[in-house]
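Single-structure report; data block below.
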């Protein structure tokens, strides 16, 4: 049976003074998916999220949440099913954490006596009785995350959610995302931390200069983290099969070949053995970040 | 919506307390000065003022009777200045102030419609303006008791209610500009231009002949405090402020749900 998508962005575009901050982004998110939304600073992640939630009006295109077209004036209706947090969420400084969460609970017409609320408080151990303006960024972030998840929303949209959290709390956050996923919650999150995205997301959207350039399974980024091989030879050589060429440079008396290798090590060993006049070889781990950079270098829209 | 109204009032509790006490003190202090002016000792000084400056002190005949003195010296000149400052600070804070801090985005992310946000914040304005007006009246009441005079309660009720209407109308106008535009500079400028422009127009129109033709443009033209103190309430003036409130709210209702919320 086909489920209705939780979220559909159709040709979403936001222009500022004629310049596209987001350019014709289209994607669909199905129930229960955890989708990572990655890109460099200024790529258009936050602008896209702000359009999805009805804070910004798209210059072109539309957002459909739970099967209904979203406009600035009706977005609040869909917010009943949505939790939202950002890494720099402006909470209400004058309140204590507890008062803030009570305010959020009343806005969602729920109680703070629920199991979900208690579990979230136990997990994050926030300083609930201090005024928010006295809390550190990380402690504010814990409260923002509890607020995002406390209503048991069907969809959670997070913009750089773990920035400011210490490694332990970051791990708690990832555990929470996994737990919510098991409960069927759909999560759409932007993040700078690629390992975090690979860890919990099933799918990754890459945005570059406002354009969606990749829509791939998260495993593809993980696999992308193979070995980075750099060889210097006297004669011109071709990279082995299954290698992704990164750089080929002809020097005055040598050739430098750099490629990403994801196949079996023994085949690489065999290929190295065939190289004439091998002068130097370096093999290093290709990190997720580097794999991301490779993907990010793609100019054409693929699978979108 | 009442959740948001309560939050808004709670966040501004010190603002409310400070302004209410301040305006109460203004009312109290001005009232206790009355015996110094009513005895006639100051007549010579006032009559020697150049005509151009007499607009700043009001009608000299009003100084002789307590209702006229309070109408002209508290409500006609001083209170509008402070009330304008209150209106500007309140309306700017509730709109572009919160938006620039990113708190408006936090609010609109919740299942609270933008129109309900407008209503809750406007109700907060109405309540805060009421408390400030009550503060002024209370200060005058205490002042009257201290100087041993008597004053018809209806004088203060009329002046207090009209003051409430005046402050609410001005704050609602600025609130509408802030809600509709989201621009701090525009909102603040609109408030200052209306407040200072009205004050200058109304005070100097009595002495500068060519200004008389434009005095109707003043926000204070519709708040003849001395006449109200004497018992004359022109319902056209009440209607003006009510229409202004309704139109301002309509503008906020129309534009706020259709514009981008600033993302900090």
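Tabulated data for the structure shown
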| quantity | calculated |
| --- | --- |
| Verdict on residue B:240 being more than 16 Å from residue B:84 (Cα to Cα) and under 15 Å from the mean Cα position of the chain (by Cα) | yes |
| Test for residue A:104: is it buried (at least 20 other Cβ atoms within 10 Å of the Cβ) and touching a strand residue (DSSP E or B) at 6+ places or on another chain (Cβ under 6 Å) | no |
| Any hit, segment B:180-195, residues being modelled with pLDDT under 95, over 16 Å from residue B:91 (Cβ atoms) and within 13 Å of the chain's Cα centre (by Cα) | no |
| Residue within segment B:204-215 that is under 24 Å from residue B:249 (Cα atoms) and in contact with a helix residue (DSSP H, G or I) (Cβ under 8 Å, 6 or more places away or on another chain) present | no |
| Filter result (in contact with a strand residue (DSSP E or B) (Cβ under 7 Å, 6 or more places away or on another chain) and crowded, with 19+ Cβ neighbours inside 10 Å) within segment A:167-181 | A:177, A:180 |
| Of residues in segment A:215-251 being modelled with pLDDT of 85 or more and closer than 30 Å to residue A:181 by Cα, the one surrounded by the fewest Cβ atoms within 10 Å (Cβ to Cβ) | A:217 |
| Filter pass, residue B:119 being out of contact with any helix residue (DSSP H, G or I) (no Cβ under 8 Å at 6 or more places or on another chain), over 28 Å from residue B:77 (Cα atoms) and in contact (Cβ under 8 Å) with a residue 12 or more places away in the chain | yes |
| Which numbered condition residue B:255 fails, given (1) under 30 Å from residue B:65 (Cα atoms); (2) in contact with a helix residue (DSSP H, G or I) (Cβ under 8 Å, 6 or more places away or on another chain) | (1) |
| When residues of segment A:14-43 are limited to those that are out of contact with any helix residue (DSSP H, G or I) (no Cβ under 8 Å at 6 or more places or on another chain), closer than 23 Å to residue A:76 by Cα and in contact (Cβ under 8 Å) with a residue 60 or more places away in the chain, the one farthest from the other protein chains (Cβ to nearest Cβ) | A:30 |
| All positions within segment A:99-151 that are part of a loop (DSSP other than H, G, I, E, B) and either under 14 Å from residue A:83 (Cα atoms) or within 14 Å of chain B (Cβ to nearest Cβ) (or both) | A:108, A:109, A:110, A:111, A:112, A:150, A:151 |
| Selection count where residues are more than 20 Å from residue B:234 (Cβ to Cβ) and surrounded by fewer than 22 Cβ atoms within 10 Å (Cβ to Cβ), scope segment B:174-206 | 19 |
| Residue among B:126, B:74 that is more than 14 Å from chain A (Cβ to nearest Cβ) and either modelled with pLDDT of 95 or more or in contact with a strand residue (DSSP E or B) (Cβ under 8 Å, 6 or more places away or on another chain) (or both) | B:126 |
| Residue match in segment B:176-183 (condition: more than 24 Å from residue B:255 (Cα to Cα) and part of a loop (DSSP other than H, G, I, E, B)) | no |
| Subset of segment A:264-288 (residues that are surrounded by 13 or more Cβ atoms within 10 Å (Cβ to Cβ) and within 28 Å of residue A:193 (Cβ to Cβ)) | A:283, A:286, A:287, A:288 |
| Residue within segment A:47-60 that is away from chain B (no Cβ under 14 Å) and under 26 Å from residue A:175 (Cα atoms) present | no |
| Flag for residue B:245 being more than 30 Å from residue B:32 (Cβ to Cβ) and surrounded by 15 or more Cβ atoms within 10 Å (Cβ to Cβ) | yes |
| Some residue of segment B:154-172 being under 30 Å from residue A:56 (Cβ atoms), away from every other protein chain (no Cβ under 14 Å) and in a helix (DSSP H, G or I) | yes |
| Hits in segment B:209-264 - residues which are within 14 Å of another protein chain (Cβ to nearest Cβ) and assigned to a helix (DSSP H, G or I) | B:252, B:253, B:254, B:255, B:256, B:257, B:258 |
| Residues located in segment A:51-99, provided they are at positive phi and surrounded by fewer than 17 Cβ atoms within 10 Å (Cβ to Cβ) | A:67 |
| Condition broken by residue B:85, with the remaining ones in (1) buried (at least 16 other Cβ atoms within 10 Å of the Cβ); (2) at pLDDT 80 or above satisfied | (1) |
| Contacts under 9 angstrom Cβ, first residue in segment A:81-94 being under 22 Å from residue A:193 (Cα atoms) and at the interface with another protein chain (Cβ under 7 Å from one of its Cβ atoms), partner part of a loop (DSSP other than H, G, I, E, B) and modelled with pLDDT of 90 or more, 6 or more apart | A:84/A:53; A:84/A:153; A:84/B:109; A:84/B:110; A:89/B:102; A:89/B:109; A:90/B:101; A:90/B:102 |
| Residues located in segment B:235-250, provided they are without any contact (Cβ under 8 Å) to a residue 12 or more places away in the chain and closer than 18 Å to residue B:157 by Cβ | B:235 |
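The values are calculated or read from the model by the stated rules, or taken from the named source; none is laboratory data. Worth saying up front: this structure is predicted, and the values here are computed from it rather than measured. With ideal geometry, Cβ positions are generated from the backbone for all residues, glycine too; neighbour counts draw on all protein chains shown.
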